[in-house]
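Everything on this sheet refers to the single structure shown next.
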Amino acid sequence: MLTPIGLYGSNTLAILEPMAGGNKRLSAQLRARAEKLFPGGVNSPVRAFRAVGGEAPMVMRASGCRLWDADGNEYIDYVGSWGPIILGHAAPEVVEAVQRAAAEGMSFGASTPAEAELAELVVGALPSIEMLRFVSSGTEATMSAIRVARAFTGRKYIIKFEGCYHGHADSLLVKAGSGVATLGIPGSAGVLEEQACYTLALPFNSEEGVAQAFAKYKDGIAAIIVEPIVGNMGCVPPQPGYLKTLREITQKNGTLLIFDEVMTGFRVAFGGAQELYGVRPDMTILGKIIGGGLPVGAYGGRADIMRMVAPLGPVYQAGTLSGNPLAMAAGIATLRRLKSERQSLYPRLESLSSTLMVGVTHAAQENGVQVTAQGVGAMFTWFFRAGEVRDWDDAAESNTAQFASFHRGMLENGIYLPPSQFEAAFLSAAHSEEDVQRTIRAAHETFAA
Ligand SMILES: *Cc1c(COP(=O)(O)O)cnc(C)c1O
């Protein structure tokens with residue numbers, strides 16, 4: 001059993017009672033304290049476990065694929081900070097790189113060679129990106145890319161797809177999947193109709209929907225933004241040919257195609273979904289893995305489009321901590337290792353994921369629970385319903401009560417899954433065959449209980 005002693009300052013320790021191993025007492029105390037300070041006790045909504053009930057562990061530390069809470073409970077982690085932690089927690093080369101960078105100064109608000117070094121790794125992996133800009137989150141990156149697309153095309157409308165999440169910028173919080181879907185809110189209060197009215201939300205995987213939108217709004221559509229493999233309504237891959245159709249119709253209409261690869265970039269393949277499906281978007285959004293666990297986002301693409309951005313062009317976008325040296329160091333260390341191990345790493349992740357998806361699905365079936373597993377590479381979801389999920393309407397038919405009870409049971413058995421039916425789970429390089437088998441055993445116990 002671990003004690004939290006030493007991880008917090010003395011001020012914090014004063015409010016904690018001595019630990020009795022295996023319970024949830026300290027986590028509960030810490031949660032009560034957080035609830036006084038943060039809305040719902042959290043700094044991002046899905047962390048509050050509202051969709052699944054049960055008590056969100058207060059995390060003290062993590063290593064590899066393991067996570068420990070304040071009461072010393074150990075979990076196998078399939079959240080991986082919602083995607084970034086593909087090498088596992090506290091990967092030694094990433095920790096070392098960040099420590100070294102920190103000792104040289106946290107931030108200068110001036111250019112460093114590390115920015116170009118990470119950029120070259122990104123461009124080398126995703127050749128559709130000729131120029132890019134680093135920002136500090138995926139939200140910032142998508143918001144900026146939309147601004148650039150509107151400026152470049154001189155058009156107003158944006159097409160997005162129901163169940164896709166592109167961060168929480170006003171114009172993109174429409175049918176936004178992820179935490180928004182989890183809470184059952186169609187959009188968000190505080191977003192003006194005027195800000196959302198140029199966003200067309202269409203069903204994912206429907207070629208007719210897109211054709212109709214182009215017929216109606218013809219020369220008015222600046223961009224299609226899409227998660228090429230959706231992760232934010234649970235994992236929903238594109239139907240064969242769908243992304244190529246999006247590429248063709250955008251090309252024909254002078255509309256930009258934006259792939260939001262914040263989740264899929266360096267996750268489903270080293271070159272992301274665009275490598276996997278052989279489709280070249282005009283712009284790409286990245287985040288999560290490229291920051292190796294520190295806050296980084298990026299938007300980039302064709303050089304003629306990116307030259308719109310200040311100081312070269314008229315689109316203003318800036319950031320005090322953009323290209324931050326610590327974040328760049330973590331990203332470089334992460335991408336370097338992925339690059340050197342990609343031939344073996346991605347196939348291994350895929351095979352482990354497949355073992356896990358099938359194993360848990362069988363456990364469900366044996367106990368009369370209908371589950372459909374969907375995944376690409378090391379991202380996947382168990383939908384609690386029968387039949388394939390192709391769009392948001394399908395996903396929304398899932399039995400969320402059954403999912404919630406599965407989630408609670410797994411947590412009790414030491415398995416930490418994303419606390420929502422509408423989120424993807426992730427494997428990391430640190431998960432072993434034994435971890436996966438243990439997880440499948442936990443699923444058998446959970447479904448049988
Ligand atoms: C996580 C995510 C975002 C938002 O990134 P943040 O860093 O949380 O702002 C945007 N798009 C997709 C596809 C994501 O998965």
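Since every read-out is calculated from the coordinates, none of them should be taken as a lab result. Bear in mind that the values here come from a model prediction, so they are computed numbers and not experimental data. As a convention, Cβ positions derive from the backbone with ideal geometry for all residues, glycine included, and neighbour counts pool all protein chains shown.
Structure notes:
- For the stretch 92-338, the spread of Cα positions along each principal axis, largest first, Å: 56, 36, 35
- Taking Cα centre as origin and charging only the Cβ of basic (Lys, Arg, +1) and acidic (Asp, Glu, -1) residues, the dipole magnitude of the chain rounds to 600 debye.
- Among VAL42, VAL174, VAL230, a tally of other beta-carbon atoms within 10 Å of each Cβ gives an order, fewest to most, of VAL42, VAL174, VAL230.
- Note on the chain: Lys pairs 8 or more places apart or on different chains, Cα atoms under 17 Å apart, count 10.
- Net charge of neighbours whose Cβ lies under 14 Å from the Cβ of TYR75, counting Lys and Arg as +1 and Asp and Glu as -1: -2
- The stretch 312-379 and the stretch 35-55: distance between their alpha carbon centers, rounded to Å: 24
- Distances between placed amide hydrogens fall under 5 Å for GLY234 paired with SER178, GLU423, ALA424, all partners being 5 or more residues away or on another chain.
- Simple Cβ-charge dipole of the stretch 92-338, Lys/Arg +1 and Asp/Glu -1, about Cα centre, in debye nearest 20: 380
- When the chain is reduced to its Cα atoms, the Kirkwood hydrodynamic radius in Å: 22.6
- Measuring between their Cα centroids, the stretch 415-449 and the stretch 65-101 lie 16 Å from each other.
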